[in-house]
Amino acid sequence: MKKILVVDDEKDFTALIKTTLEIRGHYEVRMENDMSLALDAARAFKPDLILLDLMAPGNINGGEIAGRIKSDPKIKDTPIVFITAATTKEEVVSKGGFIGGHPFIAKPVNIKELINYIDKTLS
């Protein structure tokens, strides 16, 4: 079973992703809604994939968290997919689907497309 960490300040969004993925039976999902705890959550959970909100309220954003994850020898190879409302689906296509070397998905997220993307990434 693959492990996915979902980091987003929107509790309803993370709960939807968790429920949807766990129903499929292929994934164990942990949610983290406090961006300041994301790095500790990644270290403790050791996910196979991190879905990371790029923008969040407070002093830390997804880009900073991604940088910290990539600097940590124990979790630096964990794939990160940014999920953001700061861009449109058209911008995703125009940028080839990458921000700072990481794939990204524009909000609102189509759950079916997200599941297909996760399945493809982790297969």
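So how many residues does the stretch 1-35 have that are in contact with an Asp or Glu (Cβ under 6 Å, 6 or more places away or on another chain) and among the hydrophobic types (A, V, I, L, M, F, W, C)? Result for the stretch 1-35: 3.
Within the stretch 54-70, the residues that satisfy the criterion of being over 19 Å from LEU122 (Cα atoms) and open to solvent by less than 40 Å² (accessible area, probe 1.4 Å) are LEU54, ALA56, ILE60, GLY62, GLY63, ILE65, GLY67.
State whether one or more residues within the stretch 65-75 are under 18 Å from ILE105 (Cα atoms) and at pLDDT 90 or above. Scanning the stretch 65-75 turns up at least one residue that is under 18 Å from ILE105 (Cα atoms) and at pLDDT 90 or above. Taking the stated definitions as given, is ILE17 within 21 Å of LEU122 (Cβ to Cβ) and within 13 Å of the chain's Cα centre (by Cα)? Yes, satisfied.
Consider the stretch 77-120 and keep the residues that are of a type in the set (Ser, Thr, Tyr) and either more than 18 Å from LEU5 (Cα to Cα) or exposed (fewer than 14 other Cβ atoms within 10 Å of the Cβ) (or both). The one that is modelled with the lowest pLDDT is THR88. Taken together, ILE69, ILE83 contain a single residue that is assigned to a strand (DSSP E or B) and closer than 23 Å to ASP119 by Cα, which is ILE83. Report whether or not VAL29 is at pLDDT 95 or above and more than 19 Å from THR84 (Cβ to Cβ). For VAL29, the condition - at pLDDT 95 or above and more than 19 Å from THR84 (Cβ to Cβ) - is met.
Test ALA38 against the criterion of being part of a helix (DSSP H, G or I) and crowded, with 21+ Cβ neighbours inside 10 Å, and give yes or no.
Considered against the rule, which asks whether it is part of a helix (DSSP H, G or I) and crowded, with 21+ Cβ neighbours inside 10 Å, ALA38 comes out as yes.
Please tell me if ILE17 is crowded, with 19+ Cβ neighbours inside 10 Å and either touching a Cys at 6+ places or on another chain (Cβ under 7 Å) or modelled with pLDDT of 95 or more (or both). No, not satisfied. The C-beta contact set for the stretch 60-76 (first residue in contact (Cβ under 8 Å) with a residue 12 or more places away in the chain, second residue open to solvent by 90 Å² or more (accessible area, probe 1.4 Å) and part of a helix (DSSP H, G or I), distance under 8 angstrom, 6+ apart or interchain) comprises ASP72/ARG43; LYS74/ARG43; ILE75/ARG43. Which of the residues spanning the stretch 39-53 are farther than 21 Å from SER123 by Cβ, touching a helix residue (DSSP H, G or I) at 6+ places or on another chain (Cβ under 8 Å) and of a type in the set (A, V, I, L, M)? Once the filter is applied, which keeps residues that are farther than 21 Å from SER123 by Cβ, touching a helix residue (DSSP H, G or I) at 6+ places or on another chain (Cβ under 8 Å) and of a type in the set (A, V, I, L, M), the stretch 39-53 yields LEU39, ALA42.
The values are calculated or read from the model by the stated rules, or taken from the named source; none is laboratory data. Quick caveat: nothing in here was measured; it's all calculated off a predicted structure. Cβ coordinates were reconstructed from backbone atoms using ideal geometry, including for glycine residues, and neighbour counts include every protein chain displayed. Remember, those area values only see protein heavy atoms, side chains included, never the ligands or the DNA or RNA. Shrake-Rupley method; radii C 1.70, N 1.55, O 1.52, S 1.80 Å.
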